[in-house]
Structures are given as C-alpha cells and as structure tokens.
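Enquirer: Okay, here's the structure, questions in a sec.
Derivation of every value follows stated rules applied to the coordinates shown; laboratory data play no part. Note that this is a predicted model, so its numbers are computed, not measured. Here Cβ is always computed from backbone atoms with ideal geometry, including for glycine, and neighbour counts include all displayed protein chains.
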Amino acid sequence: QDATKGTVNVVGFSGVFADNYQKFIIDAFKAKYPGIEVTYQQSKNSAETLALLTLQRADPKVDVALIDVSVAIKANKEELFTKLDAAKVPNLADQPEWARIDGDRSVAFSQDNLAILYNTDKVKTPPTSWADLVDPQYKGKIAAKLSDTRGVILLPILTRLKGGDYKNSVDPGIEFLKQIAPSVSTFEPAPDCYAVVQSGEVDLSICWNGRAQYLHDTQGGKIGVALPKEGSIGQTNTIGLVEGSKNKEAAELFVNYALSAEAQATFAEKSFYGPVNTKVSLTEPVAARIYGTKEAQAAQSSLDWNFVADKYSAWIQRINREVIAAN
Amino acid sequence: MDAKLARFAFALLITLLYLFLLAPIIVVLVISFDTRQYLAFPPESLSFGSYAKVFANVKFISAFWRSLGIGLFVGLVSIFAGLLLSLALSRHDFRGKGAINFLILAPFLVPHIVLAVGVMLVLGPLGLLDSYSGIFLAHLGITTPYTVRTITMSLMAVDRRIEEAARVHGASPAMVLWRITLPLVRPGLIAGAVIAFLISFDEATISLFIVSVKSSTLPTEIYHYLEYSTDPQIAALSVILILISVGVVVVVERLIGLRKAL
Amino acid sequence: MAAVRHSSSDGSSHRGMLLLLLLPGLLALLTTFLLPLIWLVRASFASSAVAALKGGDWTLESYRTVLYDPFYWKVAWNTLYLGVNVAIFAVALSYPIALFLARTKSRWRGVLTALAVAPLLTSSVVRTYGWMVILGDRGVINAALQSSGLTDGVIRLTNNYFGATVALVEILMPYAILAMLSGFGRLNTQFEEAAALLGANRFRVFTRIILPLSLPGVLTAALLVFVLAISSFVTPRLMGGGRVFVIGTEVYNEATVTLNWPLAAALSVLLLVLFGSVILIYQRAMRALET
Amino acid sequence: MADHHLEIDNLVKTYPGALKPSVDRVSLSLPRGEMLALLGPSGCGKTTILRMIAGLIPVTAGEIRLDGRGISAIPVHKRNMGMVFQAYALFPHMTVAENIGFGLEMRGVGKAERTERVLKALDLVKLSGYGERRVSQLSGGQQQRAAIARSLVIEPALLLFDEPLSNLDAKLRDEMRDEIRDIQNRTGVTSIFVTHDQDEALSMADRLAVMSEGRLEQIGTPRQIFDRPRTDFVASFIGAGSFLTGTVVAPGRADVPGLGILHFTGDVPAGGKARFLVRPHRFVLGEGVNAFSGVVEHVVYRGQILTIAVRAGDHRLQADLPTHAATLPAKGDRVTLSVAPDDVTLVGEAA
Amino acid sequence: MADHHLEIDNLVKTYPGALKPSVDRVSLSLPRGEMLALLGPSGCGKTTILRMIAGLIPVTAGEIRLDGRGISAIPVHKRNMGMVFQAYALFPHMTVAENIGFGLEMRGVGKAERTERVLKALDLVKLSGYGERRVSQLSGGQQQRAAIARSLVIEPALLLFDEPLSNLDAKLRDEMRDEIRDIQNRTGVTSIFVTHDQDEALSMADRLAVMSEGRLEQIGTPRQIFDRPRTDFVASFIGAGSFLTGTVVAPGRADVPGLGILHFTGDVPAGGKARFLVRPHRFVLGEGVNAFSGVVEHVVYRGQILTIAVRAGDHRLQADLPTHAATLPAKGDRVTLSVAPDDVTLVGEAA
Ligand SMILES: Nc1ncnc2c1ncn2[C@@H]1O[C@H](COP(=O)(O)OP(=O)(O)OP(=O)(O)O)[C@@H](O)[C@H]1O
Ligand SMILES: Nc1ncnc2c1ncn2[C@@H]1O[C@H](COP(=O)(O)OP(=O)(O)OP(=O)(O)O)[C@@H](O)[C@H]1O
Ligand SMILES: NCCCCNCCCN
Ligand SMILES: [Mg+2]
Ligand SMILES: [Mg+2]
C-alpha cells in the first residue's frame, strides 16, 4: 500500500474552526501530498462525533477525528481510537507528556483558553483578574455558561486562585462560583456567550478566547477580551486515528502533519488557538492574544485530563446543584 | 348601555390577548428590518438588507430545498400510508382495531424529546443517522397520525350510501375507491399532505438528534445558526417562513377548516 | 346510522385486503414510534452509552440515580409545577379567544382563527427570541417602563422562572385555542337564549351555562398544554437563563452534553410515566363530565 | 297564572343588512289563556316574531305590549317568558330537575320551595320520578315535556313554542300535540305556537295567524281560516281544493266559464267576478244542486278515502270520497260530483 | 325491460353479534312489472331485506331468485339492480349526466351510446337540459328524479327504493309520489318500495307487504290490507280505528261486552270469540244498524274532518266526521254513532 495515495476522511468541529482548518491545515497538507485526498466532515459537537464513531465501530467510515479531550477519553475507554505508532507519526516526539493521552490514542493539538469577554462600549476598564467577576458593578451583567466544559475548566482555575488543588477538592472553586452566581444574569446565554456581549445584553461573559479574538477583529471591536493575570487553562482539542481505519497509512501521514510545529504555528497565528507542540514558538503579539500578558502567560497551566474526564459529570452536577439551582 | 360597555370590555380583552399572542411575532417582524448585527428593540434604522442576506445564504437556501424535498416526500408517503390505514379503520371491523387506534393516537401524546432519543437509538445501528432516509422515517412516524386523522374525518363525512350506490350501479370495489371514495376525500388528502408537510418542514426536536451537517434541514440550520449568532437575518428568515406557512394554512382552511385538521 | 356499520361483504378477499391496507402504515408507526420507545426503555437499563447502542450489561443504575437523587425529585417537582402553571395561564388566556372564535359570526372569523394559530407555524425557538427581546433587561417592556418613569432600575423579567413561564404560555396558547375550539361542540347559542329567557343575566349565563358546557374543551386544552409544557426544553433553557431545571432540559443535557444516554432514557421514561398518569386522570375527569 | 294579554302593534323587523323586512307591520292581540298558532311557509317570519316577543332580538319598529305596558325596553332575562325550542335546548350538563329548577334558581327561589315546585312541574308533565335523570337519558317526547315543564315552572307571562314537534316522528307527534294542548288547557297559560304544519295548527290552536313573506294574511279560528279563507294564499296553504272563478249572474249564482252555473251562499253583487274554493271532502258522488260530471283522470287509494281527479269541462276537480261507499269510481269512469252551495267557499272577489 | 320476476324464499338475516334475526323467514314473490311496498315500523327489517336483494349484505339463510335463478353468489356490482337511496346518494363530484352515465360506464358502454342513453333517461325523468348541472344545483325533487334516472338507465332487473321520500316536506312528497308511480308505470320495471308511511304505501303500491319485527305480517293489495287486516298489528299500523272483541251469538251478530250487539258480515261460527275493527271514517252520526250512543270526550278539528272520541259503554270509539255536516258535535255532547255491518272489519278470531 502506497502511503502517499488514498483518501483520509476527517470528522471535526464545525463553523469557523472548520473553515480555518480546511484552509490552513488540510490545504497545506494536500499541497505536500497531492496523491492524498482529504475530506472534512463537520460535526455539531464532540458528543455527536463520539456517537458517530460508536455507531460505526464495526465498519468505520471515518479515519481521523478531531474531538474534545474529555470526550476523547470516553472514546478511548471504548477503544475507538488506535494507539499511534511513534515510528509512523514522528512528530509525536515533540508533544508534551500531558498531550499524549491514553498511550497516544489521542493527542492534544490545540488549546482554546477560557477568557473574560467584555463589551468595549460599556466597560472602560477591562477586568484583569478572575476576581473581578465578583465586582458589584457587574451585578446582573454577567453571562456564564457553566454547565459544560467551561465550568469544568473554570473550577480548577478558581480553585487554584483560592490556593487549592483541584485534584484534592474543588470546594474552593465552588465557593468562588457561589460568590459570582448572584451577579450572573444568565447561565444559558443565548445564542451564545459572544453575542450577548456584542449586543450589550451583558457587560461580561466567560467564554473562549479564540472565537472572541476572531469576532473582535471582524465585528468592529465591540468585544474585548481580557485574559486574567492568574492565567487560564485551555479547552483541549485532540486528534485521534480511528481504530480499524481503512486508510491507516495516509491517515498517519495526516495526523503527523497536524501535529507538526508548522501546522500548529499557522493555526495559532490564524485562529488564536494555543499550540501544543513544544517546538512552536509564537511571536509576542500572537502569544499575548492567546495567553494574555507575560504574567498570564507564565501562569498558564494545563490539566490532568484523565482525572478531569473522570470528574466531568460530577463537577457539572455540583455546579448545577450548588451554584445554579441554589441561586 | 350596560350591554354596550360589556361588549366593549370583551372586545378590549380579546384585542389585548391577541396582542400578547402575537407579540413575539410582531417583534420578530419589526426586527427583521433592523440593520444591526444583533436582536434589539426598537430598530435603529430600517432596511431590507437582512432579507437580501437570507437569499444569499447558501446554507439556508440549500437547507430550504432539502427541507422542501423531505417535506414533500413525507407528505406524499404519509397520506398514502394514512389513506390505507384510514380505509382499514373506518371501513372495516376487525379485532385489534382498538389497539391500532391507540397506536395512532399515541404519538400525539409522547413528547418529541422522548421520541427523539428513541429514534436516535434505533436509527443509529441502522446507519441512518444524518441521512435522508433517517429524517424521512422519523418524520413519517410523527406525521402519519395527523394524516390518518384528517383522512378519517373526510372518510367519515362521505356518505356510505354513495359508495353503495356506486356498487349497486356496477362499480367493482376498486372502481368505487378510484371513482368515488378518492375524489370525495380529496380535500382530506390534500389537508393531510399539507399538515404532514408543515410538520416535517418545521420539525426541529427530533431532527436535532438525528441530523448533522449532511442532511441538515432548515429548522436545524436555524437552530445551529442561532447557537452562534442572532441577527436580523434569522428574523427575516422567520418572517419568510411565517408567510409561507400562513399561505399554506389559508389553503387548508379553505379546503377543510383548520379545526378539523389539527 | 345503521348503514355505516355495514362492513364489506366480499368475504374471501376481505382479510388479505385488510392486511394490505394496514401494513404500510403500521410498519411506519412500528419503526418510527413503537421501536424507538422500546429502544428507549431498553437504553434506560444500559450501563453506558455504548451499551445503550449495542445491548448487554443491563443494570438498574440509571433508575437508582433518578430515584435516589433528591435533585431529580426536585426536577420532577419543578416540571410538574411549571406544567401546571403554564396550563392554568395558557388556558385562562386562551379561553376568551376560543370562546370569541367559536361564537363570532364576523366575516373576519377565518382570518382571526388563522392569526390565532399562526404562531404555531413559527419556530418556537424564534418566538423564544422574540420574548427575549420583549422581556430582556433592555427589552421592550423594561425600556417602556423606564421611559415612562414607572421604574428606574431594570426589572428582571427573563432568565428566570417567570420568563420561562410567560414564553411557554404564549407558545402553547395556539394549541389551547385549537383544542378548545374543537371541544366546544356542546356550546350552542340556544342554551344561552334558553337560560336568558329563564331569567339568567349575562353573568349567570356565563357561569351556569357557557362555562360548564365548555369544560370538556377546557380540560382537553389543559391536558394538551400541560403535556407539551412538561416535555419542553428549548424554551425553559433559553428563557430560564439556565436556572430552570425541568425533565426536558435534563434529558437534553444528559443526551448531548454528558452523553449519559441511559440516564437520559431513564428520565424520558420518568416523563412518560408522568404523562401516563396525567392522561389517566384526564380520562377519569372526562368520563365524570360526560355522565 | 298572571292576568294579562298580549298586543302586537305594527311590528316590523328588518335584519341588519337585509333589503326588505322579515316581519312587516304585523298587528295582533291575544286574550289571556288563548293558544295562537303562527302558521306559514318556511322563512315567512314566524320565528322572528317569536324572538322579538321573547326579547332575543330587538324590534325595528312597532310595539309589543303585555297587559297594556310596552316591553321593548325590558331585557330578555326579565321578561318572564317561557319558550320551548325546536330541539328543546335542555341544558345537557344538568339533570331534568336541575333544568326545571333553573328558572326558579335565577329568580332566587329558595331550595325547599324550588324542590317542591319542580316536583309539581314534573308531575304536571307526567315525568314524576325522572327528575334525577340526565337529559340524554330521556326520549324525544320526554325531553319535550321536560322543556315545557322548565318553561311553565316560572309561571311565565307567555309560553312560546317554536316548532317543537317538527323533529319527532309522526306517531309521537300526534301524542305530543294532545299533550301540549292538554297542559295548556290545564294551566291556562297564554301561548303562541309556531308551526308550518297546517294539520298541527288546525288541531291545536284556538286561533290561527297565517303569515306569508313577513305579512299577516289572516287571523281567525280554525274554522274561519279553513272555511272562509280571505286570500288564495290562505286557501291553498291550508288544505287542498279546487279553485273556480266565475261571474256572478244573480245573487248566489255564478257562471264559471268552462264548467257551468255554480250556486253559492254569500253576498256578491251581480255582475262582479268572484273566486270560489271547493274542498275535496265537500264533493259528493251523485246528483245535487251543483252537479258537474266528467271523466275520472286519476285515482289514489288512501285507506279511509279515495282521492280522485275529475276532468269536468275545462276544470280538474279534486274530490275525496269515503271508501265505504258501495261502489268506488275507477280511472276512466264517468262520474257526477256535486257540492252543496253552503260548501262552496267564497275566497274573494277576483280582479 | 328484461322478462323476469323475483322470488324470496325463507329469507333470514342475523347480523353478526345480534341475538335475534333482523329478518326472519320472509317469503314473497313479485310478478314482473309490479310495485310492492315494504311497510313497517322503524327497525322491522325493511332496509335489511332491500340490502340483501341488492347484495350489499350477505343473507344468513334462505334464497333470493330472479327469474328462477338464485343470485346469492353474484356480487353487488354484477346484480344489475337499480337502487334509489333515502338521501339519493348522488355522486356529489359529478354532474347529473355523469351520475346517470356512471352505471353505463361501469358496464363498458361506449361514449357515444352512453351520451344518447343518458339523454333519453334525462328526458324520461323530465330533466332534459339539466345534464351539465352539478348535483348541488338541483332541488330535492330534481335530485330524486336524477337518482331514479341513474338507476333506470342501466335497465335494471329490479328497482329498489329505500324511503326516498322521507326527507321531503309534505307538499313535495305528494308530487314525488305521483312522479315515481308515473315513471314506474311507463317503464314497467318491477319495483320494491320501502316506507314506514302507510299513506305512501297505500297510494303508491300495487301490493303491500307489512312487516313487524323481522317477520312478514301480511301481503296483499291496499284494499285487502286496509279492509281485511289479518292481525291486530296490521290493523293498527295501517290507519286508526276502534277495536271491539265480542262473542258471536248468531251468524253475523256478536255480543260486545260493555257495548251491546254488533252486526257484521263474515263467517264466524256462533259461540266463538271474534275481534272487530271499525275505521273512524266508517262511523256516521245518527241512528243505524249498529248504533252506539255516548258522550263526546275529545274533539279535534282538522279542516276537512272532525275527529271525535266518544265514550260508549266501556268503549272509546273514534270517529272521523266530515266537517260540512250541518251541526258538528262538541265536547260533552251526547251523540249516537252508527256503522254499517259491511263496514265492520273482522280482524280475526280472538283467543
Ligand atoms: N339573523 C338573521 N339575519 C338575517 N336574516 C335573517 C335572520 N334570521 C332570519 N332571517 C331571515 O328572515 C326571514 C324570516 O326568518 P324566520 O326564521 O323568522 O322564518 P320562519 O318563518 O321561522 O321559517 P322556518 O319555518 O324556516 O323556521 C327569512 O327570510 C330569513 O332568511
Ligand atoms: N349493520 C347492522 N348490524 C347490526 N344490526 C343491524 C345492522 N343494520 C340494522 N340492524 C338491526 O336490524 C334491525 C332491522 O334494521 P333495518 O335497518 O332493516 O330496519 P328498517 O325497517 O329499515 O328501519 P327504518 O325504518 O328505521 O329504516 C334493527 O333492529 C337494526 O337495529
Ligand atoms: N466553530 C467553533 C469551533 C470551536 C471549537 N472548539 C471546540 C469546543 C467544543 N466543545
Ligand atoms: Mg323558524
Ligand atoms: Mg331502513
């Protein structure tokens, strides 16, 4: 089998991500390997991707999946992804340890940081700290979707802020959230955490950096992004080679490219997703837009995703019950 | 005097209630002419820009055609299955009729979100998620009860003696169906098809569970669009769809009357 | 009347014919309604999402979760409470409209009927956005109140239980109106005239004649609205600002966020049980009304 | 029952948007205790008059007086009228007793007295023991009696019936007629009975008011209406008969062209034209004062009577003959029909 | 028309699930060209018989023969029957001509011949020029004629009518009777006419078959049925009358307890009990052979006749008196009624 020929079917995130991924990763890959066709199928969300992979397990039609780390870990429990062979995917060597999940079944390739968005018309002094969320001037003017990955990432951040360790207990984080809760206008910002800032419905919103930066650039700067000085944690996207892929060789080439410093650097510059590959070095302006100030960059941390995946549902339940329902 | 006052008060009450009922639609209508990129009231300045954007939105347009196609096909098949069922139920006596009647009524009562989970679980292993056949099947299940109802109503309105007259005067059973029964229940068939179409065309809940990018319908496309943005485009699209639906409803009302249809 | 009951006499072909008539429709209902329900129940006994799809490894875990977790009791209670509130208000607000439509001889009756059900044809998601614009902190009502000087601060009308209730009431009113219109069969102006002749003034005609005679329609409408309200999820989620926890939102969350399909299925079954009991009560009530 | 009577004075009703009045200057008056039948073809305005009396629709012009007092300003629920509707309009959600007691309840009559009066009313209409039944558990005839009881129990100033018998079958209708007449006799309540059935009107009412296209054609006792119809319309609407037009040649004698001399009783000056009516029953077979012979063209056997049509001269005479006569004519027979001058009805002078 | 006649032999119909038969061993036969009226109260099985003849429902037992050949195995659409339904059952989505042509079309008759025969049928029922109308544009009477034409055009073996007149008003009903009889006479088609109206049956049919509870009570000419009813049921179903039961004391003389001696014509041996019927019309006012005097209890004026009820001894006699008599009795009057022995109907011997 000629590895440089064939088709790679990729399933991944939709929307702007898909546009950028097509443009900056897939097209570049195809320029390198003209013999390989790459199709990109958009999926509504990672849960749906997981459902798709589960249903196709006997006869996979998908070769490569881009998927949230927490969902990836679920998928790995069902052995939906295959362990990558370091010989076939040499760029694995450049990934940090935390990024090589479940024995290289899933590998992190980018991170989208949680940030505080603000409406530039109404907020003249941007917040600088997660603690600003309890500032009384924002009472009733915050949008915070907490009952998903956002909450799951915010909990360790706030726990650390209070001097705790999420692996011991997230109680400090929960307590912090309880302080923020009365200021929250909506826990279900509609349509999403960006638009409510854009429209001025709220002043602040806890949201993802990448898309906010993109909206800041394209929508007249109404949305400002504050990356708190205490640092953030990225919502981690992983890539995985589907177990039983019928185009394994070509797919391995694609995964290898996706993990390359070149690919990740380009994607970081164009879409402000934090790169994972240790060889990538970002220019200062790009780094600032992904991680914030130098101080924030230094404070940036990552999670033990296997641990978090295990707690995922429980944490969301705690947020729902102790923070939202009690509010 | 007293009676006049009472009548005025009642008219006022009805007006207010209508206002309440139509409030969100009125708001959507007004907003559809706004020029800002988000939904707010009142509009800053008015234009038809959003309508132009809707017609230029490739996703909406292609989802529209897809929904139209699925809706038409669902309507067609649904009246076919509905007609046969109605004929069996209204023209024959047999054991298990009660059970079948219940089975037809039941989908009215089961919440779509519950059905959606089940449909997803059934279609998944069959490889029918995110496929036309999948949506078609799912929609067929929720529309057939409606078509059975409208067609049964029409059938019941047909005087059995007219069919008997045809038989006595020499028409075989097939001829009676073709020449007498079908023409007479035509309003019910059309109404059934229209209702099935509208339901399919509007259905979001179940579709959201089984549809993805490939087979997205207009309602799921709207839902996903709304996940990331709310701008006057969505208001404009809604207004367009309301106009289409109202047009269709007027046709149904003309044909058989709404009350019987729903 | 008797003639209607005469069934086909052509004996031999009868059975085959019947089968032919029944088959396509039943097949459709089987695959798209009955099977999904059975699968749903099956999934509620599965140990994981994958098991829900593949089968095997049955457990009562999901039911244990639902039954032993006070949170779900709270959710069930919230759901009932929302359903009852929405049913009461939707029916109360729809009743005058339905009565008006049932009795008016106006030329506009057709148009007014169409207007009353037109909202039915508008995506409830879009209508929910309409309500957000109306009830929002900077929405129509708050703006009007403030500019008229009645209030100076923002009145929180949405992102809470109130907002969810208002939007659901409006969204379900067309169903209530339709159900009442078809349930008002016994209303007949002759009864009202007879009552007036016997000395009943307008008020008494209403309370003693119109109201009792329209009760079956009201009950049907209440049932329908209740059933639709307790299974709704988009509106409570969006209008409730995430604060309204009902079975519908939980099913959606478990099915699409945490991917706990067995739990989603178990919650759905709980909803079905709730449904079944309400429908039983309704049937009792109708029977009581009829005799 | 209260002591009063009803006067209707130049009553007019033009429905909104209608081109011509549905009731056109109708005047009549009812002595207390009388039962009047309002008779006429469909659409002639009978129901409209009844509804104006009841107050269900406003009058366009004219006046309705009860005991000399105008009642136009009194709203329906204070008029104290009893009305029996065509489909009875019994309240389906109440028992028979509740239906009957409704009017009393509205008048604030206490429970004890109400129960007593309802029982008496049930007794009056022979429904004792049916009080606790649901309306749907009554037969058509019983429903009617319940409707009458409901109207009577309030001791109405007037009892109005709008074709209460028209949806009963023939047998029950006959029984109900007697029953209504009987109840009306016993209670003495002044009543107006609307019908388009002449047989019903003739057999039930003290007087008949015959209407046509909104106008009152004639009012009188059944015999007056039947034997002395004042117009062609009344003559032909009430019963069949043969119309003859002739020139009066001498007092009590007219020359009917194409038939011969007709002897009649009545004052029409000689030289005038007059219109006559002979009821089929008034003809007898055989010679007599007015004897006309001709060929039997048509024979219909109807059990008690044989209806024949005889071509006599230019006329076709219709006669009802009792079937117990020794020999009955058959089609094609030549027969002679005669009619006594007293049995020739003078309908009016012809133009 | 084809040359045939109909025989019904011990016909039984028990509906599935029914406890007793709706039609119980009915036998009768029709000579060709005859019009038979099937008469009886509601639910007696008239329609059921008609539907079995048409083949719309299977027979439970017994046989139906046409020209001597059993037809039970022939399906409806091949039986070649004409049927006129109660509400006509015209096809509402077709024109009058299409309705009439339907049977021919089903028989594969070509378009040209069909058009011609439809035109002839339209002519026959006096609807020429109405062919292109929609059914809804016809009056009730015209609809009926169209329905008859639709049945006649296929030259049916039998023409069946199921109460076609029962939802017309009195005036139209009379006209339609004549019309149907006329068309039947002209075409000579053997017909069965179902009705529960005795007047209709008596005036239209050649013979009457009176049914009760699924059984055939009596079959005969109108006069036979009216004047010689074989059972109480027939006697009371067809026309009113006073029943008298007495012991025959001598030939032609019976002693009716509580009344006196009744003279009659008929052979009943002395000592036997017999049951008699006197039709109201047969009584005359005044002395005669059978004279009974009593007090008038009830008077109903009906235009041509006055119906009175007279209490004579233990009996209540009902009499119809012509209203042209010089003086008419009033309630409370003492009168003498008499009836000729010939007019006393012997219904049967009593138990
Ligand atoms: N509400 C109305 N609006 C307009 N015209 C009406 C109304 N009610 C009755 N009419 C007209 O008034 C005329 C008299 O009607 P009415 O009902 O009094 O007749 P009727 O004598 O009772 O007839 P029927 O025997 O059919 O009941 C008719 O021409 C009818 O069409
Ligand atoms: N399809 C049926 N199933 C069961 N019983 C029936 C059916 N049709 C008629 N019957 C019963 O058979 C009996 C005779 O009915 P049928 O219709 O022949 O009466 P009918 O003499 O035509 O009465 P009507 O004058 O009311 O039309 C009735 O008791 C009726 O209830
Ligand atoms: N179009 C935006 C895609 C964002 C990708 N981030 C993944 C988040 C899913 N939970
Ligand atoms: Mg009337
Ligand atoms: Mg019948």
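Enquirer: Which value in deg cm²/dmol, rounded to the nearest 500, describes the helix-derived mean residue ellipticity at 222 nm for chain C, given -39,500 (n - 2.57) per DSSP H run of n ≥ 4 and division by the residue count?
Expert: On the way: 15 runs with 208 residues, N = 291.
Estimated from H runs of four or more residues: -23000 deg cm²/dmol.
Enquirer: Using the 10 angstrom Cβ neighbour count as an exposure proxy, how do B:Met153, C:Met239 rank, fewest first?
Expert: Least to most surrounded, the residues fall as B:Met153, C:Met239.
Enquirer: Sticking with this one: Taking only the alpha carbons of chain A, what extent do you get along each of the three principal axes, in Å, biggest first?
Expert: 65, 39, 33
Enquirer: What is the extension gain from B:Leu16 to B:His92, computed as 0.36 nm multiplied by their sequence separation minus the C-alpha to C-alpha distance, in nm to one decimal?
Expert: Gain in length upon complete extension: 22.5 nm.
Enquirer: Taking 22 Å as the cut-off for C-alpha to C-alpha distance, list the pairs among E:Lys126/E:Lys171; A:Lys5/B:Lys214; D:Lys20/D:Lys46; A:Lys248/B:Lys59; A:Lys5/A:Lys74 that go past it.
Expert: On the way: E:Lys126/E:Lys171 19 Å; A:Lys5/B:Lys214 26 Å; D:Lys20/D:Lys46 16 Å; A:Lys248/B:Lys59 32 Å; A:Lys5/A:Lys74 32 Å.
A:Lys5/B:Lys214; A:Lys248/B:Lys59; A:Lys5/A:Lys74, as the Cα separations exceed 22 Å there.
Enquirer: Taking the Cα centre of the stretch E:240-350 as the origin and placing charges on Cβ (Lys, Arg +1; Asp, Glu -1), which of E:Leu277, E:Val295, E:Thr245 is farthest toward the positive end of the dipole?
Expert: The one lying farthest along the dipole's positive direction is E:Val295.
Enquirer: Taking the Cα centre of chain E as origin, sum charge times position over the Cβ atoms of Lys and Arg (+1) and Asp and Glu (-1), and report the length of that vector in debye to the nearest 20.
Expert: For chain E, the charge dipole is close to 580 debye.
Enquirer: So what's the back-of-envelope 222 nm ellipticity for chain A, counting only DSSP H runs of four-plus at -39500 (n - 2.57) apiece and dividing by all residues, rounded to 500?
Expert: -10000 deg cm²/dmol
Enquirer: Please compute the modelled spin-label separation between E:Thr265 and D:Asp182, points set 7 Å along Cα→Cβ, answer in nm with one decimal.
Expert: 3.8
Enquirer: A further question on this structure: Along Cα→Cβ, 7 Å out, is where each label goes; now give me the distance between the ones at C:Leu27 and A:Ala326 in nm to one decimal.
Expert: For C:Leu27 paired with A:Ala326, the spin-label model returns 5.7 nm.
Enquirer: Evaluate E = 1/(1 + (r/R0)^6) for B:Leu68 and C:Leu20, where r is the Cβ-Cβ distance and R0 equals 45 Å; express this FRET efficiency to the nearest 0.05.
Expert: 0.90
Enquirer: Can you work out ³J(HN,Hα) from phi for every residue in the stretch D:102-107, in order, using Karplus 6.51 cos²θ - 1.76 cosθ + 1.60 and θ = phi - 60°, giving whole Hz and x for Gly and Pro?
Expert: Those phi angles translate into 4, x, 5, 4, 4, 8 Hz.
Enquirer: Separate question: Could you please rank D:Ser139, E:Ser203, A:Ser106, placing first whichever residue has the fewest other Cβ atoms within 10 Å of its Cβ?
Expert: Fewest to most other Cβ atoms nearby, the residues stand as D:Ser139, E:Ser203, A:Ser106.
Enquirer: For chain C, set up a Gaussian network in which alpha carbons nearer than 10 Å are linked by springs, and say which option among C:Tyr95, C:Tyr68, C:Tyr161 fluctuates the most.
Expert: Largest GNM mean-square fluctuation: C:Tyr68.
Enquirer: Here's something else I'd like to know. Just how large is the dipole of the stretch C:155-234 about the Cα centre, in debye to the nearest 20, putting +1 at every Lys and Arg Cβ and -1 at every Asp and Glu Cβ? Walk me through the numbers on the way to the answer.
Expert: On the way: 5 positive and 3 negative charges, 36 e Å.
With Lys and Arg at +1 and Asp and Glu at -1, about 180 debye.
Enquirer: Here's another thing I want to ask about it. Any idea what the D:Arg134 label distances to the other copies are, label 7 Å down the Cα→Cβ vector, nm, shortest first?
Expert: Here the equivalent label points are 4.0 nm apart from this one.
Enquirer: Going toward the positive end of the dipole of the stretch A:1-118, with +1 on Lys and Arg Cβ and -1 on Asp and Glu Cβ, which of A:Val11, A:Thr82, A:Leu117 do you reach last?
Expert: Highest projection toward the positive end goes to A:Val11.
Enquirer: Quick one: in the stretch C:70-290, what % of C-alpha pairs are over 31 Å apart? It would help to have the intermediate numbers written out before the result.
Expert: On the way: 7985 of 24310 pairs.
Distances greater than 31 Å cover 33 percent of the Cα pairs.
Enquirer: Say R0 is 35 Å: what FRET efficiency, to the nearest 0.05, do D:Lys126 and D:Ser166 get from their beta-carbon distance?
Expert: The pair D:Lys126/D:Ser166 has a calculated efficiency of 0.95.
Enquirer: Separate question: Going by amide H atoms built from the backbone, whose H comes under 5 Å of the H on D:Asn290, apart from near neighbours?
Expert: D:Val339
Enquirer: Taking the convex hull of the alpha carbon atoms in the stretch E:165-246, what volume per residue do you get, in Å³? Kindly include the intermediate steps, with their values, before the conclusion.
Expert: Values: hull volume 8.9 nm³, N = 82.
Once divided by residue count, the hull of the stretch E:165-246 is 109 Å³.
Enquirer: Report the residue, chosen from B:Leu128, B:Leu19, B:Leu115, that carries the largest GNM mean-square fluctuation when chain B is represented by alpha-carbon nodes joined by springs under 10 Å.
Expert: In this elastic network of chain B, the residue with the biggest mean-square fluctuation among B:Leu128, B:Leu19, B:Leu115 is B:Leu19.
Enquirer: So for E:Arg316, E:Arg215, D:Arg186, B:Arg179, fewest C-beta neighbours within 10 Å to most, what's the order?
Expert: Ordered from fewest to most neighbouring Cβ atoms within 10 Å, E:Arg316, E:Arg215, D:Arg186, B:Arg179 come out as D:Arg186, E:Arg316, E:Arg215, B:Arg179.
Enquirer: Just to confirm my numbers, what's the Cα centroid distance between the stretch E:13-49 and the stretch C:189-261 in Å?
Expert: Rounded to whole Å, the Cα centres lie 53 Å apart.
Enquirer: Another question, then. If you fit an axis through the alpha-carbon atoms of helix B:232-255 and take the longest principal axis of the Cα set of chain B, what angle between them do you get, 0 to 90°, nearest 10?
Expert: 30
Enquirer: Out of E:Thr265, E:Thr187, E:Thr327, any idea which swings most in a Gaussian network model of chain E, alpha carbons joined below 10 Å?
Expert: Maximum among the listed residues: E:Thr327.
Enquirer: In whole angstrom, how long is each semi-axis of the equivalent ellipsoid of chain B, when you take the square root of 5 times every eigenvalue of its Cα gyration tensor and sort them from largest down?
Expert: 38, 28, 17
Enquirer: Here's another thing I want to ask about it. When each copy gets a label point 7 Å from Cα toward the beta-carbon at E:Leu19, what are the spacings between them in nm, shortest first?
Expert: Inter-copy label distances (nm, one decimal, shortest first): 6.1.
Enquirer: Between the stretch A:115-134 and the stretch E:150-229, how far is it from one alpha carbon centroid to the other, in angstrom?
Expert: 96
Enquirer: Going by Cβ distance under 4.7 Å, what cysteines of the protein assembly as shown have no possible disulfide partner?
Expert: Among the cysteines of the protein assembly as shown, those whose Cβ sits 4.7 Å or more from every other are D:Cys44, E:Cys44.
Enquirer: Taking the Cα centre of each part, how many Å lie between the stretch E:289-351 and the stretch C:71-149?
Expert: Taking the Cα centre of the stretch C:71-149 as reference, the centre of the stretch E:289-351 is 74 Å away.
Enquirer: What per residue convex hull volume, in Å³, do the alpha-carbon atoms of chain D yield?
Expert: It comes to 167 Å³ per residue, whole-number rounded.
Enquirer: Right, next: Counting only other residues whose beta carbon sits under 15 Å from that of A:Gln41, what net charge do I get with K and R as +1, D and E as -1?
Expert: In short, -2.
Enquirer: Using alpha carbons only, how many degrees (0 to 90, rounded to 10) separate the axis of helix E:111-124 from the longest principal axis of chain E?
Expert: 20
Enquirer: Taking Cα atoms of the protein assembly as shown, Rg/Rh with Kirkwood Rh, to two decimals?
Expert: 1.10
Enquirer: Between C:Val154 and D:Ala87, what FRET efficiency comes out of the Förster formula 1/(1 + (r/R0)^6) with R0 = 56 Å and r the beta carbon distance, rounded to 0.05?
Expert: Efficiency computed from Cβ-Cβ geometry: 0.45.
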